[in-house]
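Undergrad: Have a look at this one before I ask anything.
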Amino acid sequence: MDFIRTIAIAASGLRAQAGRIRVISENIANADSLAQTPGGDPYRRRVPTFTSQLDRSLEARTVALGPVRPDTSDFKIKHEPGNPAADAAGNVKYPNVNPLIEMTDMRDAQRSYEANVNLIGATRAMIQRTLDILKG
Amino acid sequence: MAITDIPIFAMLRTKMQWHQQRQQVLAQNVANADTPHYRPVDLVDPKFQLAAPGPATVQLARTDPGHLAGFTDAGNFSNNPNQYQVRPAGNAVTLEDEMIKVAANQMDYQAATQLYSRSLGLLKMAVGR
């Protein structure tokens, strides 16, 4: 039945957006994770990607979370000689996580997630209408 | 004669199948709302073959050469310019547009199913129940 396929496609969207939220929360949680060794690299921000693939059983293009790539931008450097993670010159590398960007990304993911949820709701209502024919 | 051979039921069945398929296509668009380089797709409107041609276009009578011709062709207006914006990632899905399409699809489907059950009611009336 086509409606079940519709729900399966929307569910793939839900899964992908939930995975995206997971990566975002990982970034926010590690916004202050410094290196374990003096002068080492701290947590590097990770960027979720999406890939579209043709699902042959559904005959539609579903979405999936692609490889999670590292953000290659520079680390923030602060001068803190007393910090255990500081290098010889007293500089500490902080993660390249910008909370503002993460919050914006999270809102975007939330919005897409809700759109998929709405679609499932609409499809369920349509299935209900079909069943209402039986009540006649 | 099977119930599905009755023209109204056959037509409604076609319409309902079209809306089912469209719902699937719209779900695909929404699911791929963040996929790079994805362009939204939609179904072509169904066309029912009418036995008789549509109503003849009515012309306004012009009794004086100074009269304006008036609008006889509604085709001048278009409410669906088929425009979309492409975001930097190459994705062109607008969630708002897709949601409006989903709502419209749902309402049209509901209209079809209600017509269907109403037609069934007519049949029941004909057999005297």
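The values are calculated or read from the model by the stated rules, or taken from the named source; none is laboratory data. Just so it is clear, the model here is predicted, and its values are computed rather than measured. Heads up, the Cβs are rebuilt from the backbone with ideal geometry, glycines too, and the neighbour counts pull from every protein chain shown.
Undergrad: For residue A:53, only one of the following conditions fails: (1) away from chain B (no Cβ under 13 Å); (2) surrounded by 12 or more Cβ atoms within 10 Å (Cβ to Cβ). What is its number?
TA: Residue A:53 satisfies all of (1) away from chain B (no Cβ under 13 Å); (2) surrounded by 12 or more Cβ atoms within 10 Å (Cβ to Cβ) except (1).
Undergrad: I've got another one for you. Restricting the search to segment A:14-38, which residues are among the polar types (S, T, N, Q), surrounded by 18 or more Cβ atoms within 10 Å (Cβ to Cβ) and away from chain B (no Cβ under 14 Å)?
TA: Matches in segment A:14-38: A:27 only.
Undergrad: Further, regarding this structure: Mind counting the residues in segment A:117-136 that are facing chain B (nearest Cβ under 7 Å) and of a type outside the set (Ser, Thr, Tyr)?
TA: Quick first cut of segment A:117-136, residues facing chain B (nearest Cβ under 7 Å) only: A:118-119, A:122-123, A:125-126, A:129-130, A:132-133, A:136.
Keeping just the survivors that are of a type outside the set (Ser, Thr, Tyr) gives A:118-119, A:122, A:125-126, A:129, A:132-133, A:136.
Looking only at that region, the number is 9.
Undergrad: I'm trying to understand the selection: among the residues of segment A:78-102, which are surrounded by 12 or more Cβ atoms within 10 Å (Cβ to Cβ) and either without any contact (Cβ under 8 Å) to a residue 24 or more places away in the chain or polar (S, T, N, Q) (or both)?
TA: Let us first name the residues in segment A:78-102 that are surrounded by 12 or more Cβ atoms within 10 Å (Cβ to Cβ), namely A:78, A:80, A:83, A:85-87, A:90-98, A:101-102.
Answer for segment A:78-102, where residues must be surrounded by 12 or more Cβ atoms within 10 Å (Cβ to Cβ) and either without any contact (Cβ under 8 Å) to a residue 24 or more places away in the chain or polar (S, T, N, Q) (or both): A:78, A:80, A:83, A:90, A:91, A:96, A:98, A:101.
Undergrad: Filter segment A:21-66 for residues that are closer than 29 Å to residue A:77 by Cβ and assigned to a helix (DSSP H, G or I) and give the result.
TA: Restricting attention to segment A:21-66, the residues satisfying the condition of being closer than 29 Å to residue A:77 by Cβ are A:22-49.
Listed by number, the residues that qualify are A:22, A:23, A:24, A:25, A:26, A:27, A:28, A:29.
Undergrad: A further question on this structure: Kindly indicate the residue of segment B:1-35 that is more than 7 Å from chain A (Cβ to nearest Cβ) and outside any helix (DSSP H, G or I) and also modelled with the lowest pLDDT among those meeting that condition.
TA: B:1
Undergrad: So which pairs qualify, if the first residue must be in segment A:103-116 and at the interface with another protein chain (Cβ under 10 Å from one of its Cβ atoms) and farther than 12 Å from residue A:18 by Cβ, the second must be modelled with pLDDT under 95 and surrounded by fewer than 14 Cβ atoms within 10 Å (Cβ to Cβ), the Cβ gap must be under 8 Å, and the two must be at least 6 apart or on different chains?
TA: No pair meets every condition.
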